[in-house]
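The values are calculated or read from the model by the stated rules, or taken from the named source; none is laboratory data. What you see is a predicted model, and the numbers here were worked out from it, not measured in a lab. Backbone-built Cβ (ideal geometry, glycine too); neighbour counts: all protein chains shown. Ligands, DNA and RNA are excluded from the accessible area calculation, which covers all protein heavy atoms including side chains. Shrake-Rupley method; radii C 1.70, N 1.55, O 1.52, S 1.80 Å.
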Amino acid sequence: MSAEGERKIAWVSEWMPVLNGVRERLRQEGTVDGRRIAVILPIEPKTAYLASCLADAGAEVSVAFQGAMVHDDVAAGLAARGVEVFARQGSSHEEEIDYFREVLARRPEVVIDDRADVIRLAHTTHPEVLDTLLGASEETTSGVTALRAMEADGTLKVPCIAANDARCKYLFDNRYGSGQSVVNALLDATNLLLAGKRMVIVGYGWVGKGIARRARGLGAEVTVCEVEPFAALEAHHDGFEVAPLVDACATAEVVLTATGVRHALGPEAIDALPDGALLANAGGIDDEFDVTALRSAATATSRVREHVEEFRLGDDRSLFVVGQGVCVNLSAGEGHPAEIMDLTFSVQALSAGYLLQHARDLQPGVHPLPAEIDEAIARAKLQALGLRIDTLTPEQEAFLRGWEAFA
Ligand SMILES: NC(=O)c1ccc[n+]([C@@H]2O[C@H](COP(=O)([O-])OP(=O)(O)OC[C@H]3O[C@@H](n4cnc5c(N)ncnc54)[C@H](O)[C@@H]3O)[C@@H](O)[C@H]2O)c1
């Protein structure tokens, strides 16, 4: 199994030139050498390659994640590369917490976290690890939201970099990465046609926008549901239908949630769905649609394809849940394309390096990745792509710094 995982990791490494450059720089400068880094990310080939790059640069790396988003062959391939892996596909919630505890027992100096899962665990049940933890770097929108809530109530005890909020991350990963990988996973899992289907997208943030555009490109009739007026207006001017959730669900053939909010698709909307509707979640919260309520309302459930579960309801309807209701591109697919994760994981590797060097100068709280690091990653990516851009002339720079010339 590890040979197949190794092939997958080796394949993506060819498409991540910026991360390869970051690895070399970290190695030459000794930034992570002998330092303990925990990587809490879905275990697929790109995350495995990030962990492996950090280990190559000298870090002691341990990795863990929840079972719905673990590819066992990749985990085995990563372990064969000398990284400690605590994860198993299909593991229970209790096992997942045990895996996180194993990682915390290694006393990481930096945690590259997802959804702030391990940082929250460290602050609630394992405060002793905070003595040696310098900081964390957070992968996703929902994790940054949780860290900001901790900061607001004074709970957060370490500096955390909002890696998600780096421009090299959300502009590409959340939008183009999710757009492609969520739609791919849905179609691969079901082997159905998107052209002509009525698709409802709940949440029109970066992730929702990416999915909506890709789905329209494949011929879906997309309706967007939002709670935020600017996002709804943006969807309207992007050419999508905008409607309240329950109205949109009445005719939906596919519903995708991308909100980061628990139960964004609640019982009323589920009741409105027609027979045969497909449900999938692209957001970072596991129960963006209420899978537990759906399960208890069902008279029978059955796995109809590897990643599709049928829920038969008492009113003669069947609904189909794709990817267990958790991030569908990771539970029923291999996640974002490697070229996109080249940016995200360069952000993460450099955030970890930055924390190792500067965390002691930072207050506990949520911090941005320094803009010059973000920009350097974008420039390295342009260079890797062979794309050149212009620079402002001294005269243009002077114009932007002044104000008299506006008259
Ligand atoms: N699948 C992936 O690979 C992937 C990648 C990046 C982010 N994410 C996750 O996807 C989610 C969305 O991320 P984002 O960056 O687009 O966030 P965002 O904050 O940019 O967008 C979320 C949108 O959802 C809307 N929303 C919130 N509650 C709603 C509700 N009840 N009904 C309708 N709309 C609602 C908000 O108004 C907002 O416009 C987060 O949980 C994030 O962690 C997933």
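For residue 296 and residue 237, the difference between the fully extended length at 0.36 nm per residue and the C-alpha to C-alpha distance is 17.3 nm. Taking every alpha-carbon pair under 8 Å whose residues sit at least 6 apart, the stretch 62-132 reaches a relative contact order of 30 percent.
Between 77, 353, 386, the Gaussian network model of the chain with springs among Cα atoms under 10 angstrom shows the greatest mean-square fluctuation at 386. Specify whether the C-alpha gyration tensor of the chain places it in the rounded, prolate or oblate class, a ≥ b ≥ c being the square roots of the eigenvalues: rounded for a/c under 1.5, otherwise prolate if a/b is larger than b/c and oblate if not. Since a/c reaches 1.5 but b/c is at least a/b, the shape of the chain is classed as oblate.
What is the percent carbon and sulfur in the accessible area of the chain, measuring with a 1.4 Å probe over the protein chains and ignoring ligands? Carbon and sulfur atoms account for 52 percent of the accessible area of the chain.
Can you list the residues of the stretch 7-49 with backbone N under 17 Å from a point 7 Å past the Cα of residue 171, pointing along Cα to Cβ? From the stretch 7-49, the list is 18. Using a simple charge model, +1 on the beta-carbon of Lys and Arg, -1 on the beta-carbon of Asp and Glu, nothing else, what dipole does the chain show about its Cα centre, in debye to the nearest 20? Value, rounded to 20: 600 debye. Residues in the chain average 45 Å² of solvent-accessible surface per residue, probe 1.4 Å, ligands and nucleic acids excluded. Placing unit charges on each Cβ (+1 for Lys and Arg, -1 for Asp and Glu) gives the stretch 177-331 a dipole about its Cα centre, and among 212, 260, 272 the Cα reaching farthest toward its positive end belongs to 212. The stretch 355-375 and the stretch 54-85 have Cα centres lying 25 Å from one another.
Projecting label points 7 angstrom from Cα along Cα→Cβ for residue 317 and residue 387 puts them 4.3 nm apart. For a Förster distance of 45 Å, can you work out the FRET efficiency between the beta-carbons of residue 399 and residue 218, rounded to the nearest 0.05? It comes to 0.50. Inter-part distance, the stretch 4-23 to the stretch 132-149, computed on C-alpha centroids, equals 26 Å. Based on the Kirkwood approach, the hydrodynamic radius assigned to the stretch 177-331 is 15.0 Å, with every pair of different Cα atoms included.
Think of the chain as having a plus end and a minus end, set by charges on the Cβ of Lys, Arg, Asp and Glu; of 92, 76, 223, 76 sits farthest toward the positive end of this dipole. Listed by chain and number, the lysines placed with their C-alpha closer than 22 angstrom to that of residue 169 are 46, 209, 381; residues fewer than eight positions away on the same chain are left out.
Using the Karplus relation 6.51 cos²θ - 1.76 cosθ + 1.60 with θ = phi - 60°, the per-residue 3J(HN,Hα) values for the stretch 347-353 come to 4, 5, 5, 6, 4, 4, x Hz, with x marking Gly and Pro. Using C-alpha pairs below 8 Å separated by at least 6 residues, the relative contact order for the chain is 18 percent.
Please give the calculated 222 nm ellipticity per residue for the chain, where each DSSP H segment of at least 4 residues contributes -39500 (n - 2.57) and the sum is spread over every residue; nearest 500 deg cm²/dmol? Spell out each step's value before the answer.
Details: 17 runs with 179 residues, N = 407.
One gets -13000 deg cm²/dmol as the mean residue ellipticity at 222 nm.
For the stretch 59-168, the calculated P(r), taken from all Cα-Cα distances in 5 Å bins from zero up to the bin holding the longest distance, is 2, 12, 21, 23, 21, 14, 5, 1, 0 percent.
Under a Cβ-Cβ cut-off of 13 Å, what is the net charge of the residues other than residue 339 that fall near it, where Lys and Arg count +1 and Asp and Glu count -1? Residues near residue 339 contribute -1 overall.
How many angstrom separate the Cα center of the stretch 220-267 from the Cα center of the stretch 158-182? What the calculation gives is 21 Å, centre to centre.
Please work out, to two decimal places, the log10 of the ratio I(q)/I(0) at q = 0.25, 0.28, 0.30 Å⁻¹ from a Debye calculation in which every Cα of the stretch 286-349 carries one identical scatterer. Calculated log10 I(q)/I(0) at the listed q: -1.04, -1.17, -1.24.
Annotation: amide H-H contacts under 5 Å for residue 115 (H modelled 1.01 Å from N, sequence separation of 5 or more, or interchain): 139, 140, 143.
Across the stretch 177-331, C-alpha contacts under 8 Å between residues 6 or more apart give a mean separation that, scaled by the residue count, equals a relative contact order of 23 percent. Assuming charge only on the beta carbon of Lys and Arg (+1) and of Asp and Glu (-1), the dipole of the stretch 177-331 about its Cα centre is about 440 debye to the nearest 20. Taking all protein chains as shown and a probe of 1.4 angstrom, residue 69 keeps an accessible surface of around 10 Å².
Computed with the Debye formula from one identical point scatterer per Cα of the stretch 250-326, without solvent, the log10 of I(q)/I(0) at q = 0.18 Å⁻¹ comes to -0.63.
Since only 186, 132, 350 are under comparison, the one whose Cα sits farthest along the positive direction of the charge dipole of the chain, derived from C-beta charges on Lys, Arg, Asp and Glu, is 350.
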